[in-house]
Amino acid sequence: MRAAIQNLEESKIREVANAGMGRGDVLAFWFGESDEVTPEFIRQAAIESLQRGETFYSHNLGLPELREAIAGYMSGLHGAIGVERIAVTSGGVNALMLAVQALVEAGDEVVAVTPVWPNLTAQPAIMGARLRCVPLQPVKGEWTLDLDALRAAVTPATRLLIVNSPNNPTGWTLTRAEQQAIVEHCRSTGTWILADEVYERLYYAGDTENGSAPSFLDVTEPDDRLVVVHSFSKSFLMTGWRLGWLVMPPSLTHHMGKLLEFNTSCASVFTQRAGVVAVQRTAEITPRVVAHLKACRDTLVPLLQAVPGVQVAPARGGMYAFFRLQGFDDSLDAAKRLVVEAGLGLAPGNAFGPEAQGWLRWCFASKDPGRLVEGVDRLKRWLAAP
Ligand SMILES: Cc1ncc(COP(=O)(O)O)c(C=O)c1O
């Protein structure tokens, strides 16, 4: 067994979920997914594909129809994005791993902006990279980037910069000006940018032309050293389908196809058929999902802000309320106690980076916002208990 694998940390979020195993009364907000089922017309496309007998492999890079549909969808958001830049993957996490496999040698230096979803820091570690973290800074419950600190951390020795914006867990989102500054800096150091933009549509600030979060695709050229990761999971309510995609420079795509062959060979075809319908009919899904998530955020955050000892700011994007709970400096311990003693399932902040020790993540993607209200009641009762 390689030391890098032996040293991988187990998921702290799973650890909390395991503490609640077998308890039907826990209100679970620990995982990053909506409790709403995938729209019927998307499921129907997969059913019809199976009924047609589409049970075979596809091209490594994905069905041509899906790559075309994704290129059209991305072009609608970001200006012309050619199909030659698209590869279909088995979920966003698979897309991230492929990108890291393609770009990082053992011993390479990788810089990541944290706190961040742990997969993004585990994947370079699996490849044997040396990881350097640039922590965001909390200011009155809102996490902010020190751009100078990031520029200082990314040097010509940095192979890859990993940024997730909108960010899981903090909701922090890069501005276009910050993206421009990062791109210029990485051009000067020769550093690749791996941009995890799976939450780009889940954006609530309302300060962009297309309503989505600012994207690195808007401030780069096709040949820039940029790989963008996307997913069907969040904007299309398709977590269990395991479908995502990559946008990359055209010169990389052929090689990514080879790498796909040795990872998954391809995403399953009936799933890809569902993906075609999802992106083509995004107008029937995503705006509704985003409006609902915004309503969920606007239900949860004011209630949390009214709880003594809680510090939280409304997320600009994503699907999480990330809050500091005063007096509870060990997030994992607090999250486990909340499950067992209050029946409330949250993710511990330190799962996302040591700087988020004392914080908790609450996924507000709840079909019934009443569950969020009940969850806050449980938190308040628990805090008030002797
Ligand atoms: C920041 C981030 N990136 C990528 C993913 C991967 O999503 P999936 O593998 O379901 O497409 C997630 C899922 O929670 C995420 O939070």
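The values are calculated or read from the model by the stated rules, or taken from the named source; none is laboratory data. Just so you know, these numbers come straight off a predicted model, no measurement behind them. In this analysis, Cβ positions are derived from the backbone assuming ideal geometry, glycine residues included, and neighbour counts consider all displayed protein chains. Ligands, DNA and RNA are excluded from the accessible area calculation, which covers all protein heavy atoms including side chains. Shrake-Rupley method; radii C 1.70, N 1.55, O 1.52, S 1.80 Å.
Would you pick out the residues in region 31-40 that are open to solvent by 50 Å² or more (accessible area, probe 1.4 Å) and either within 14 Å of the ligand (Cβ to nearest atom) or modelled with pLDDT of 95 or more (or both)? Talk me through it step by step, then tell me what you get.
Going through region 31-40, the residues open to solvent by 50 Å² or more (accessible area, probe 1.4 Å) turn out to be 31, 33, 35, 37, 40.
Scanning region 31-40 gives 31, 33, 37, 40.
What are the residue pairs meeting all of these: first residue in region 195-221, first residue among the basic types (Lys, Arg), second residue assigned to a loop (DSSP other than H, G, I, E, B) and modelled with pLDDT of 95 or more, Cβ atoms under 6 Å, and 6 or more apart or on different chains?
201/212; 201/235
Of all residues in region 19-38 being under 21 Å from the mean Cα position of the chain (by Cα) and not aromatic (Phe, Trp, Tyr), which is nearest to residue 239 (Cα to Cα)?
If we filter region 19-38 for residues that are under 21 Å from the mean Cα position of the chain (by Cα), which is where we start, we get 28-38.
Next, only the ones that are not aromatic (Phe, Trp, Tyr) stay: 28, 32-38.
On the way: 28: 16, 32: 9, 33: 7, 34: 8, 35: 10, 36: 10, 37: 10, 38: 9 Å.
Taking the candidates together, the pick is 33.
Please specify each residue of region 154-172 satisfying the condition of being open to solvent by less than 40 Å² (accessible area, probe 1.4 Å) and over 20 Å from the mean Cα position of the chain (by Cα). Steps first, please.
Filtering region 154-172 for residues open to solvent by less than 40 Å² (accessible area, probe 1.4 Å) gives 154, 158, 160-172.
Correct list: 154, 158.
Pairs please, first residue from region 96-107 and free of Cβ contacts under 8 Å to residues at least 60 places away in the same chain, second anywhere and in a helix (DSSP H, G or I), Cβ atoms under 7 Å, 6+ apart in sequence or on different chains.
Going by the 7 Å Cβ cut-off, the qualifying pairs are 104/124.
Could you tell me whether residue 324 is assigned to a strand (DSSP E or B), surrounded by fewer than 22 Cβ atoms within 10 Å (Cβ to Cβ) and away from the ligand (no atom under 16 Å from the Cβ)?
Yes, satisfied.
Considering each of 89, 121 in turn, give the residue that is over 30 Å from residue 69 (Cα atoms) and among the β-branched types (Val, Ile, Thr).
Of the residues listed, the single one that is over 30 Å from residue 69 (Cα atoms) and among the β-branched types (Val, Ile, Thr) is 121.
For region 292-344, what are the residues that are β-branched (Val, Ile, Thr) and under 13 Å from residue 369 (Cβ atoms)? Talk me through it step by step, then tell me what you get.
Here is the first cut: in region 292-344, the residues β-branched (Val, Ile, Thr) are 299, 301, 307, 310, 312, 339-340.
Passing the criteria: 299, 301.
Report, by residue number, each residue of region 286-310 that is open to solvent by 30 Å² or more (accessible area, probe 1.4 Å) and aliphatic (A, V, I, L, M).
Across region 286-310, the qualifying residues are 291, 295, 303, 306.
Take the residues in region 260-285 that are in contact with a strand residue (DSSP E or B) (Cβ under 9 Å, 6 or more places away or on another chain) and aliphatic (A, V, I, L, M); name whichever of them is surrounded by the fewest Cβ atoms within 10 Å (Cβ to Cβ).
Here is the first cut: in region 260-285, the ones in contact with a strand residue (DSSP E or B) (Cβ under 9 Å, 6 or more places away or on another chain) are 260, 263-264, 266-267, 272, 275.
Now drop any that are not aliphatic (A, V, I, L, M), which leaves 260, 267.
Numbers: 260: 24, 267: 28.
Once the filter is applied, the top-ranked residue is 260.
It is to be established whether one or more residues within region 347-368 are surrounded by fewer than 22 Cβ atoms within 10 Å (Cβ to Cβ) and over 20 Å from residue 167 (Cβ atoms).
yes
Could you tell me how many of the residues in region 241-259 are open to solvent by 10 Å² or more (accessible area, probe 1.4 Å) and touching a residue at least 24 places away in the same chain (Cβ under 8 Å)? Steps first, answer last, please.
First, the residues of region 241-259 that are open to solvent by 10 Å² or more (accessible area, probe 1.4 Å): 241-242, 250-252, 254-255, 258-259.
Subsequent filtering for residues that are touching a residue at least 24 places away in the same chain (Cβ under 8 Å) retains 241-242, 250-252, 255, 258-259.
Summing the residues that are open to solvent by 10 Å² or more (accessible area, probe 1.4 Å) and touching a residue at least 24 places away in the same chain (Cβ under 8 Å) in region 241-259 gives 8.
Just one of 307, 290 is touching a residue at least 24 places away in the same chain (Cβ under 8 Å) and touching a Gly at 6+ places or on another chain (Cβ under 9 Å); which is it? Spell out the reasoning first.
Values: 307 fails: touching a Gly at 6+ places or on another chain (Cβ under 9 Å).
Result of the check over 307, 290: 290.
Collect the residues in region 222-263 that are of a type in the set (Val, Ile, Thr) and either more than 16 Å from the ligand (Cβ to nearest atom) or assigned to a loop (DSSP other than H, G, I, E, B) (or both), keeping them in residue-number order.
Answer for region 222-263, where residues must be of a type in the set (Val, Ile, Thr) and either more than 16 Å from the ligand (Cβ to nearest atom) or assigned to a loop (DSSP other than H, G, I, E, B) (or both): just 253.
Across region 3-17, what is the total count of residues that are more than 16 Å from the ligand (Cβ to nearest atom) and open to solvent by 90 Å² or more (accessible area, probe 1.4 Å)? Don't jump to the end; show me each part of the working.
So in region 3-17, the residues more than 16 Å from the ligand (Cβ to nearest atom) come out as 3-10, 15.
Cutting the leftovers down to open to solvent by 90 Å² or more (accessible area, probe 1.4 Å) gives us 6-7, 9-10.
Counting residues in region 3-17 that are more than 16 Å from the ligand (Cβ to nearest atom) and open to solvent by 90 Å² or more (accessible area, probe 1.4 Å) gives 4.
Evaluate the following for residue 175: is it polar (S, T, N, Q), under 19 Å from the mean Cα position of the chain (by Cα) and surrounded by fewer than 21 Cβ atoms within 10 Å (Cβ to Cβ)?
Yes: the conditions hold for residue 175.
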